[in-house]
Amino acid sequence: MSKPDATVVNNPWQALRKFTAARIALGRSGVSLPTSAQLAFQLAHAQARDAVHLALDAKALSGRLGDSFAGGTHCVTLSSAAGNRDTYLQRPDLGRRLDAASRTALQEMQQNQASAASYDLAIVIADGLSALAIEQNAQPFLEALMRKLAPENWTLAPIAIVRQGRVAVGDEVGELFNAKLVVILIGERPGLSSPDSMGLYLTWAPRIGLTDESRNCISNVRPAGLSYEEAAFKLHYLLTQARQRQLSGIRLKDETGAANGELPPTSRNFLLEER
């Protein structure tokens, strides 16, 4: 085991590192970063790149979700108009729409219902810019959310898993399902300390062409960020308020902490859609 480098000069605020995962108080060796800090940065950069290019195993995720909930959960696997990862990264617009085959499949699914099916909520899962985030967080978060929805009168559409999907693809899926609300779980752009962060986007009356002011966002859902239980609590509040007030986006605020005088919540509105 190597000994600490005696030439590293520590920063006086190094104790603050226990409060954040940000790269602060790394010390210095001469006028440069210490070798250990530089190597840690390179590793984090490689992990972020890997998260962007990792393919989502939609079949395995569908199987896990089906096994997680009582009575099983019907999942449908779809694809965006971005046919592969390279196209997805170069053409964000294609990731916001379903491909023709997926759109037809949902239309036929609705037509085959005994009557015109409509749902209170459609749940969409998309790989986004980090399939790793979905692989690690989607199932445990949904388990926490379902515990809150189960006692209430919510009709749920089959869970849609979209490959090469961006945020707005959820609006198209919700519209095709004739759902009053849609929530999309999506992998967020990896940071250098968070390659596994999942975002949640909520839209009332989803339809093609909506923009970001129509959506609410809860960000950084992961064990090292916003916990599954807290994220489920906040999303359940927003879902309930959206259904009662028939709106979402900039007109709907997360007030779950307002009564106790807490700090502003972590959910955010009106984000630029880059996912």
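The values are calculated or read from the model by the stated rules, or taken from the named source; none is laboratory data. Predicted model only: the values in this text are computed from it and were never measured. Ideal geometry is used to build each Cβ from the backbone, glycine not excepted, and the neighbour counts take in all protein chains shown. Calculation scope for accessible area: heavy atoms of the full protein, side chains included, ligands and nucleic acids excluded. Shrake-Rupley method; radii C 1.70, N 1.55, O 1.52, S 1.80 Å.
Across the protein chains, with a 1.4 Å probe defining accessible surface, the residues 88, 228 rank 228, 88 from largest area downward. For the pair residue 143 and residue 230, label points projected 7 Å from Cα toward Cβ lie 2.0 nm apart. Scaling against 2.2 N^0.38 Å puts the C-alpha radius of gyration of the chain at 1.11. Of the solvent-accessible surface of the chain, computed with a 1.4 Å probe over protein heavy atoms with every protein chain present, carbon and sulfur atoms account for 52 percent.
Amide H contacts under 5 Å for residue 162: 78, 125, 126, 127, restricted to partners 5 or more places along the chain or on a different chain, H placed in the peptide plane at 1.01 Å from N. Helix 35-53 axis versus longest C-alpha principal axis of the chain: approximately 10°, rounded to the nearest ten. Annotation: per residue accessible area for the stretch 145-254 equals 37 Å², rounded to a whole number [probe 1.4 Å, protein chains only]. With 0.36 nm allotted per residue and the present C-alpha distance subtracted, the residue 211-residue 253 stretch has 13.4 nm of extension available. Each Lys and Arg contributes +1 and each Asp and Glu -1, all at the Cβ; summed about the Cα centre of the chain, the dipole is approximately 480 debye. Ignoring the sites themselves, the chain has its longest run without GluC sites (Glu not before Pro) in a DSSP loop having at most 12 other Cβ atoms within 10 Å at 1-151. Taking 16 Å as the straight-line reach from the Cα of residue 234, the lysines in range (excluding those fewer than 8 positions away in the same chain) are 148, 253.
Placing +1 on the Cβ of every Lys and Arg and -1 on the Cβ of every Asp and Glu, with nothing else charged, gives the stretch 70-208 a dipole about its Cα centre of roughly 160 debye.
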